[in-house]
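I have placed the structure first, in the form of structure tokens, so that the comments after it can refer back to it.
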Ligand SMILES: CC(C)(COP(=O)(O)OP(=O)(O)OC[C@H]1O[C@@H](n2cnc3c(N)ncnc32)[C@H](O)[C@@H]1OP(=O)(O)O)[C@@H](O)C(=O)NCCC(=O)NCCS
């Protein structure tokens, strides 16, 4: 009997992406976006977005914060996170936690003492595995990884098709962003924010079935 995606979840392993596999990962991500975002953007806009912006921040793999879920050596999902300055620009700087009562998003937050926040990015799922909970599992694991740094403000710049996933996982939309592509077309995304529980626990990001096994 052929295996279904849920059957294979027990076989899924997770690892950090490593330098040298940028092309393979970017190609997986581009295919996921083309197939799963086509209800929200035209194929031309998706292709232009990939050409202009790419599917993930340039230094995500070298930062060690891009994670790859695999089944039998095949990539089935990716997800990572990075630091962002208060103005949304990328930074490699790891801030010291600081309570911030003046947060513009009106949530109880702990940001970096310079306003730095964590942003979850590069969430892509193999279309065969969609709606099996992989992205939700990744969000939870990445949030736990971020929380261990002592920062609890997590942002996502979601694709329009990614909005239900983020809202289902407790993210609150706070702005619509429109990126002007080189073709002149607009690529709209939604800025979302969530305040997560901080914890001093360590242990890294583990595969989905490990979480269930210990639940
Ligand atoms: C968006 C994406 C990451 C969702 O991944 P996923 O693994 O299918 O998401 P999950 O299985 O964890 O979904 C959890 C819940 O989110 C909501 N959700 C997820 N995808 C949805 C969709 N396409 N339409 C409506 N609701 C959706 C549902 O409530 C779902 O629960 P349910 O399946 O029990 O109804 C995936 O479709 C994808 O890779 N898209 C292309 C890349 C992309 O746009 N990435 C940016 C995401 S911000």
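Annotation note: of 75, 25, 61, the sole residue that is touching a helix residue (DSSP H, G or I) at 6+ places or on another chain (Cβ under 8 Å), in a strand (DSSP E or B) and at pLDDT 90 or above is 75. The condition of being crowded, with 19+ Cβ neighbours inside 10 Å, more than 19 Å from the chain's Cα centre (by Cα) and touching a residue at least 40 places away in the same chain (Cβ under 8 Å) holds for residue 71.
Hey, among the residues in the stretch 171-185 that are assigned to a strand (DSSP E or B) and touching a residue at least 40 places away in the same chain (Cβ under 8 Å), which one's nearest to residue 122 (Cα to Cα)? Ranking the qualifying residues of the stretch 171-185, first place goes to 179. Going through the stretch 139-159 one residue at a time, which ones are assigned to a helix (DSSP H, G or I) and within 8 Å of the ligand (Cβ to nearest atom)? Scanning the stretch 139-159 gives a single hit, 139. Figure legend. Inter-residue proximity from the stretch 23-39: first residues more than 9 Å from the ligand (Cβ to nearest atom), second residues part of a helix (DSSP H, G or I), beta-carbon distance below 6 Å, spacing 6+ or different chains. Indicated pairs: 30/50.
The values are calculated or read from the model by the stated rules, or taken from the named source; none is laboratory data. Fair warning: this is a prediction, and the values are worked out from it, not measured in the lab. Positions of Cβ are backbone-derived with ideal geometry, glycine not excepted, and every protein chain shown enters the neighbour counts.
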